[in-house]
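Heads up: the structure comes next, in structure tokens.
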Amino acid sequence: MKKTLSILTIVLFLFSCTEKEKTYEELEAEVLCDVLPEIAKYELNQNQNMFLPPPLETDSLKFSKEEIQQLNKKRDEDWITFKSKLKQNIEIAIKKIDEFKKYKYAVIDTLLSVNKPFNEDFKYEYDSLPERKLSKNEFEKSKLDVTLVSYKYTFEGGVRDNEHLPLSGLSRVLIHKNGKAYFQCNKMYYHYNVFCNFSQKENKWKIEKIIKE
């Protein structure tokens, strides 16, 4: 009898240690946790390229030729200083992204509905998904310090009272059984499609390509 109980105890212990099958929502959160740091870096580099130098001063009715030359020289110097400072700030931010929970990133607390890209020739587990609410604990394993915000706490693409906090509206994630995933990321002035692959070597999801629209 004691032997039977011992065997049963071992079997129950082994069963309890077996990893339960992940739900689709857990797999979805896993994809986002793995690739959001890459998304944050991509957006920082996009921001660096969004700024254009101010136009040259050419109004000869307001300024003399010498004054215009001085104004343009000052403009060029200020622009070089601005770009240099921006580059430094981006480099500092990227270093923070590589450290656990050192970089803050805001996400709309509802994943938007998504449809399969029309040019994909393989079948995801679902070809479309409706929107769903997110919870904070879904991002516990993310390197980023993710803050969830509702629509009412956003203003013109940013977080109210914190204009420097990066913000994205993410869609649901379509996942393929052969280790591929797809979702959309919406920003204030643009949005882009994100295609991912699962790396067996690194045991994590990685971005394959980003298509900006």
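Considering helices alone, the calculated mean residue ellipticity of the chain at 222 nm is -12500 deg cm²/dmol, with DSSP H runs of length four and up weighted by -39500 (n - 2.57) and normalised per residue. Using a probe of 1.4 Å, the accessible surface attributed to L167 totals some 20 Å² when neighbouring protein chains are kept in position. Taking all protein chains as they are arranged and a probe of 1.4 Å, the heavy atoms of I207 leave approximately 40 Å² accessible to solvent. Looking at the chain, which longest stretch skips every one of the trypsin sites (Lys or Arg not before Pro) that is in a DSSP loop with at most 16 other Cβ atoms within 10 Å, leaving the sites themselves out? That gives 23-61 as the longest site-free run. When DSSP beta bridges are restricted to pairs lying wholly in the chain, around 75% turn out antiparallel.
What accessible area per residue comes out for the chain, rounded to a whole number of Å², with a 1.4 Å probe? Write out the running numbers ahead of the final one.
Numbers: 14490 Å² over 213 residues.
On a per-residue basis, 68 Å².
Based on a Kirkwood Rh over C-alpha pairs, give the Stokes-Einstein translational diffusion coefficient of the chain at 37 °C and viscosity 0.692 mPa s in µm²/s. Once the numbers are plugged in, D ends up at 159 µm²/s.
When the accessible area of the chain is computed with all protein chains present and a 1.4 Å probe, what percentage of it is carbon and sulfur? Please list the in-between numbers first.
Numbers: 8050 of 14490 Å².
Roughly 56 percent of what the probe reaches on the chain is carbon or sulfur.
For the stretch 121-213, just say rounded, prolate or oblate: build the C-alpha gyration tensor, square-root its eigenvalues into a ≥ b ≥ c, call rounded for a/c under 1.5, and beyond that prolate if a/b exceeds b/c, oblate if not.
Here the stretch 121-213 falls in the prolate category.
The values are calculated or read from the model by the stated rules, or taken from the named source; none is laboratory data. Computed from a prediction, not measured in an experiment: that's the story for all the values here. Counting neighbours? That spans all protein chains shown, and the Cβs are built from the backbone with ideal geometry, glycine included. Note: areas computed on protein heavy atoms with side chains; ligands, DNA, RNA excluded. Shrake-Rupley method; radii C 1.70, N 1.55, O 1.52, S 1.80 Å.
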